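To start, the structure itself, in structure tokens.
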Protein chains: 4
Amino acid sequence: MSLITVDLRDRKQLYEQLVDNIKNLILTGELKSDEKLPSVRSLARELGINPNTIQKAYSELERCGVILTLPGRGSIVVVQADELKREQLAALTDKLIQLSHEAKKAGITGEEFITAAKTAYEGGTEHD
Amino acid sequence: MSLITVDLRDRKQLYEQLVDNIKNLILTGELKSDEKLPSVRSLARELGINPNTIQKAYSELERCGVILTLPGRGSIVVVQADELKREQLAALTDKLIQLSHEAKKAGITGEEFITAAKTAYEGGTEHD
Amino acid sequence: MSLITVDLRDRKQLYEQLVDNIKNLILTGELKSDEKLPSVRSLARELGINPNTIQKAYSELERCGVILTLPGRGSIVVVQADELKREQLAALTDKLIQLSHEAKKAGITGEEFITAAKTAYEGGTEHD
Amino acid sequence: MSLITVDLRDRKQLYEQLVDNIKNLILTGELKSDEKLPSVRSLARELGINPNTIQKAYSELERCGVILTLPGRGSIVVVQADELKREQLAALTDKLIQLSHEAKKAGITGEEFITAAKTAYEGGTEHD
DNA sequence: GTGGTCTAGACCACG
DNA sequence: GTGGTCTAGACCACT
């Protein structure tokens, strides 16, 4: 059985859940470079969801260079945890930029923004 | 003529644009507590969009206590700029908590998180 | 100046506010049987609202026998406080019947209903 | 076929009928937590009303935490019967507090109020 | 298939 | 005039 899961009650789209999930497995070292991912069909069967959804997740992962899909031979991880972490940090910054735009429009100062960020990181319950 | 506008080319939903727009007018003091908003129909005519869309925006604003709608008498602002700002700041912190959860799962430290927040707020428009 | 007021920010309809207001003045003895009410026009001017609204309130009060309007001579109170109280009690019971119907549909027992009523009367902040 | 119905002759708004109806199905155990609701379109077809009206009802139910709507995946019940009953009881008490305010202003005593409540619940259909 | 948004145009009760 | 609801029919993104 795989470590990959989905939560049908989560608002996030299923394929996005899969993408995030697999990225996290790489970041935590549970999936390493060159390791093989479960096949689209087997994972779909295991999770009880549509193979198209798995396919979409794998395509997205390939698009951003995290895995490599070799037709007929399955998919393997091709990115190192530290590379991925840098990308994730960039993605986080992007999201923070979006938030800062909204914040500026709402008249929130840089100081308030940073204070809120600190509170959020420290106060937020550990891992959800 | 009103200060309220919408951008048909913006991918953001029209009614959300209206909600944000009106909240911002309150935050900047251009709309004050007890002031009357344009009627659903007149604003629809002015902006060239459907009255139902205005209605939806006004309903949302009433639901979160920003305006008060009196059937047959129009809608008035019932929240002070400073109250609204406090609420907006709380909403921002909520979103930052979500982001911090993702960040933690990706192994991003508090220091990295705060640095990214600073960069985001100061940098402004990097990837956008 | 009259004791009669309206609150433009109240959700209740203006004419209903007037009706309730005048009934309460009678119940508290501030308006007694045979006393004269202000004229439609003068009250409208004083409150800054449309005479039609006052007219509607007076008509409603006449319809339920609280006042008598004599064309050209104004309106006078024709009901005693104790009669009015009996009517108000009947009206209250009607509203409670509506609520009890909803309550029954929601599976709320008689005991729970009465307990809630006691809590409401005792706990409710004094006069709003 | 679903248990959900609407009465076109009822003066109550259709979307409110739907909201109450679905809440009651949960309270009576005919709909349980995690169960799927009919899709917006299929229910609209079945009841012969417009999908927008169903949409409005479902949005309202989601807003107050009774159901969870997952775009593209349908809507599911997310509240237990007992939680919902507690909420309904709280809502009832709120309405009773409003009534008790009016009652106090009309000089109705606590004893009279409770007696009226008992009569109302037991009597059932006097003036209705 | 699913929900979500938007338009066009209608009706009602109320002020 | 006002807001509120409803219908009919369209489009989008996503499963």
### Summary
If one compares the long axis through the Cα atoms of helix B:81-105 with the longest principal axis of the Cα atoms of chain B, the angle in degrees, nearest 10, works out at 40
### Message
Quick query: amide H of residue D:67 versus all other amide H atoms, modeled in the peptide plane; which residues come in under 5 Å with a sequence gap of 5 or more or a different chain?
### Response
D:62, D:78
### Query
Can you list, shortest first in nanometers, how far residue C:80 lies from the same residue in the other copies, with each label 7 Å from Cα toward Cβ?
5.0, 5.7, 9.8
#### Entry: Packing-based order for B:10-20, A:20-30, C:62-72, using average beta carbon neighbours within 10 Å, highest first
A:20-30, B:10-20, C:62-72
### Query
Using unit Cβ charges (K, R positive; D, E negative) and no other charged atoms, how large, in debye to the nearest 20, is the dipole of chain C about its Cα centre?
460
## Note on the structure
Summing -39500 (n - 2.57) over every DSSP H run of at least 4 in the protein assembly as shown, dividing by its residue total and rounding to the nearest 500, the 222 nm mean residue ellipticity is -19000 deg cm²/dmol
#### Entry: Label distances, nm, residue A:104 versus same residue in remaining copies, Cβ-directed 7 Å point
3.0, 5.1, 6.2
### Query
Placing +1 at every Lys and Arg Cβ and -1 at every Asp and Glu Cβ, with all other atoms neutral, what dipole size does the stretch A:70-128 have around its Cα centre, in debye to the nearest 20?
240
### Summary
So, in nm and shortest first, the distances from residue B:36 to its counterparts in the other copies, with label points 7 Å along Cα→Cβ, work out as 3.4, 5.1, 7.4
### Message
Please list, short to long, the whole-number percent of alpha-carbon pairs of the stretch B:48-107 in consecutive 10 angstrom bins beginning at zero.
### Response
19, 32, 26, 16, 6, 1
### Query
Whole number please: convex hull volume per residue of the Cα set in the protein assembly as shown, in Å³?
211
### Message
Between helix B:110-123 and chain B, what is the angle of the helix's C-alpha long axis to the longest principal axis, kept within 0 to 90° and rounded to the nearest 10?
### Response
50
## Note on the structure
Rounded to 0.05, the calculated FRET efficiency for the beta carbons of residue B:52 and residue C:33 at R₀ = 41 Å is 0.20
### Cα lying deepest toward the dipole's positive end in the stretch D:33-128, options D:96, D:79, D:121, charges on Cβ
D:79
### Query
In the neighborhood of residue B:20, defined by Cβ-to-Cβ distances under 9 Å, what is the net charge if each Lys or Arg adds +1 and each Asp or Glu adds -1?
+1
### Task
Could you name the residue in chain D with the C-beta closest to the rotation axis that superposes chain D on chain B, along with the separation in whole Å?
D:63, 4
### Query
Averaged across the residues of A:107-116, what count of C-beta atoms belonging to other chains lies within 10 Å of each residue's C-beta?
6
### Message
Can you compute the charge dipole magnitude of the protein assembly as shown about its Cα centre, using +1 on each Lys and Arg Cβ and -1 on each Asp and Glu Cβ, nothing else charged? Give it in debye, rounded to the nearest 20.
### Response
1420
### Query
So what J values fall out for the stretch D:5-19 if you push phi through Karplus, 6.51 cos²θ - 1.76 cosθ + 1.60 with θ = phi - 60°, rounded to Hz, Gly and Pro as x?
9, 9, 10, 5, 7, 5, 6, 5, 4, 4, 5, 6, 4, 4, 4
### Query
How many angstrom separate the Cα center of the stretch A:1-43 from the Cα center of the stretch C:88-117?
53
### Shielding score for C:84-95, defined as the mean number of other chain Cβ atoms within 10 Å
5
## Note on the structure
When the charge dipole of the protein assembly as shown is computed with +1 on Lys and Arg Cβ and -1 on Asp and Glu Cβ about the Cα centre, the Cα farthest towards its positive end, among D:109, C:39, A:107, belongs to C:39
## Note on the structure
On each of the three principal axes the extent of the alpha-carbon atoms of chain B, given in whole Å and largest first, is 55, 31, 23
### Message
Of the candidates A:55, A:98, A:88, which one comes out as most mobile in a Gaussian network treatment of chain A with C-alpha springs shorter than 10 Å?
### Response
A:98
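Every number in this text was worked out from the coordinates using simple rules, so none of it is lab data. Worth saying up front: this structure is predicted, and the values here are computed from it rather than measured. All Cβ positions, even for glycine, are placed from backbone atoms using ideal geometry, and neighbour counts span all protein chains on display.
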